[in-house]
1. If you keep only loop residues by DSSP, which chymotrypsin sites (Phe, Trp or Tyr not before Pro) in the stretch 136-208 have at most 15 other Cβ atoms within 10 Å of their Cβ?
2. So what are the stretch 150-209's ellipsoid semi-axes, whole angstrom, largest first, if each one is the square root of 5 times an eigenvalue of the alpha-carbon gyration tensor?
3. Only Cα pairs within less than 10 Å get springs; with that Gaussian network setup on the chain, which residue of Lys42, Lys293, Lys419 has the largest fluctuation?
4. Starting from the Kirkwood Rh over alpha-carbon pairs, what translational D in µm² s⁻¹ does the chain have by Stokes-Einstein at 25 °C and 0.890 mPa s?
5. Which value in deg cm²/dmol, rounded to the nearest 500, describes the helix-derived mean residue ellipticity at 222 nm for the chain, given -39,500 (n - 2.57) per DSSP H run of n ≥ 4 and division by the residue count?
6. Which residues' amide hydrogens lie under 5 Å from the amide hydrogen of Arg94, considering only partners 5 or more residues apart or on another chain, with H built in the peptide plane?
7. Which value results when the Cα radius of gyration for the stretch 57-188 is divided by 2.2 N^0.38 Å?
8. Which of Lys20/Lys249; Lys136/Lys183; Lys225/Lys249; Lys232/Lys303; Lys277/Lys338 have a Cα-Cα distance over 32 Å?
Amino acid sequence: MSWVDEVLEKQVKERWPWQKEFIQAVTEFVNAVRPVLESDPKYKKHAILERIIVPERTIIFRVTWERDNGDIEVNYGYRIQMNSALGPYKGGLRFHPTVNLSVLKFLAFEQIFKNSLTGLPLGGGKGGSNFDPKGKSDDEVRRFCQAFMTELYRHVGSDIDVPAGDIGVGAREIGYLFGQYKKIANLHDGGVLTGKTVGWGGSLIRPEATGYGCVYFAEEMLKTKGDSIGGKRVLISGSGNVAQYAAEKVNQLGGKVISLSDSGGTVIDEDGISGEKWEYVMELKNVKRGRIKEYVEKFPTAKYYEGKRPWGLAEAEIAMPCATQNELDLDDAKALVKNGCMVVAEGSNMPTTLEATDYLLENKVLFAPGKASNAGGVATSGLEMSQNSMRLFWTKEEVDSKLHNIMVNIHQSCLDAAKEFGHPGNYVVGANIAGFLRVAKAMIDQGF
C-alpha cells in the first residue's frame, strides 16, 4: 500500500467511518492529485496530505434561543477552520437540519481548493447549524442569529475568518449576524462577513455570482470544442439563488432552461423558463417562499414531477446540478448520456456521486467539479472584501467583468494542470491539482 493510500485508509476512512460526505470529498481529491503526490517526495516528507485533511481548528458550541411563544430551543453551532495557508479562513454558514460535522468538514475541505483556484488570498473554512429557518418568524430567526454570533464572534474577523451565506443563510441572516457582531465586539469590521446588503457594505452581483460563474465556466468548456451555450437545452436542478441566476445567465447567452426543482420535485417546461416565467420563479421563491410545483398552476403547459430529479426527464445538452450534495447518481448520469448531454457543470458542492462522475468522464462528457465551476460565489465575496478594505464600491459591470475574468482564469488553470499531468481535458484532475499546488507550496514555504 502506498503512503497515499495508507493516509486515505487509516487517517480518513478508518478514523472517521461515519463521516461519509467527508470521506467522499477526500477520496475524490486524493484520486485526482495522486500523480502529484507520488511523483515528488517533498509532499510525503512534509506530511502535506496528512496535514491538509485535518482542520486547523474545529469549533462546536451550543446555540440557545427563544421561540415567539416563549419556548426555549437548543441547536448545535459549528465552525470548521480548515486551512489558512493562503489567507484568512473563508467559507459560508449553512443553516439546515442536515448540518453535521461530516457535511461541514467536506464543505470546508472543498473550500480550500475552490478558494485557491480563484487566485485570491483566502484560506478555507465552513460553518453553520442544524437550525432550520423555514417556518420561523423574522423575530425567531433574528434571535437565533444573535445567539449564534454571541459565541462565534470571538473566532472571526476580517483577518482571521470571514463567513458568508450558504443554504438557509441569506442577506436577512447576514444582517442579523453582523448587527450582533458589532454590538458584542464593539467594532465595525465591515469585512467580517460577506453577502451583506448593498446599502451597508455588500457587493453588487454577489447573489448572482455562483450561478453566473457556473455558466461562464460551462461556456469556456464549450469553447474548447468550438461551441457555445447558444441554442442549447439546459437542465438545472434547484430553485434557489444559484439555480435562479444560472438560469438568467443561460437565457442571456441564448440557451434554453427547461427545468428547475426543489426538494418536492421538478418542473419541466419545454418552452423554456425565461422572461415572465423566470420573474415568476424569483417572486415565488424569494418573496412568497413557495414551492416550485406552484409554477405549473401559473403556467399549465409545463409539467411537474413530484419526488423526481430532472436528469432523466428530458433531453438536454447541458446539465447544471445546483441543489445539494449527491443529487446526481450513476443512474442519472446514464440517463444524461443517453439523452445527449455534452456538459455537466456543478453549481452546488459535490452534487455528483463518485460513480456518476467516473461514468460521465468515461463517456467523454465535459465535467466541471464544483470546486472550479461554482467558485464564482467566493470569488465575488473576495471582491466584496476588497471593496470593504479600500472603502470602494464597484459598479455591477465592474464586478461582473472581474467575476468573468476570474472564471476564465480558473478554467485555464484547470486545463493547464490536467494537460501537464497527463490527463488533458479532465477538469476533475485539473481543478484538484491546480488548487492543491498553490496551497501545498504555501504550507511548505511557511513551515505551516
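1. Nothing satisfies the criteria.
2. Taking √(5λ) for each Cα gyration eigenvalue gives 19, 12, 11 Å.
3. The residue that fluctuates most here is Lys42.
4. Values: Rh = 22.1 Å.
Roughly 111 µm²/s, to the nearest whole number.
5. So the calculated ellipticity at 222 nm is -14000 deg cm²/dmol.
6. Counting only residues 5 or more places away or on other chains, the set is Gly127, Gly128, Ser129.
7. Its radius of gyration relative to the 2.2 N^0.38 Å reference: 1.02.
8. Check vs 32 Å cut-off fails for Lys20/Lys249.
The numbers here are math on the coordinates, done by the rules we state, and not lab data. Here the structure is a predicted model, which means the values were calculated and not measured. Cβ coordinates were reconstructed from backbone atoms using ideal geometry, including for glycine residues, and neighbour counts include every protein chain displayed.
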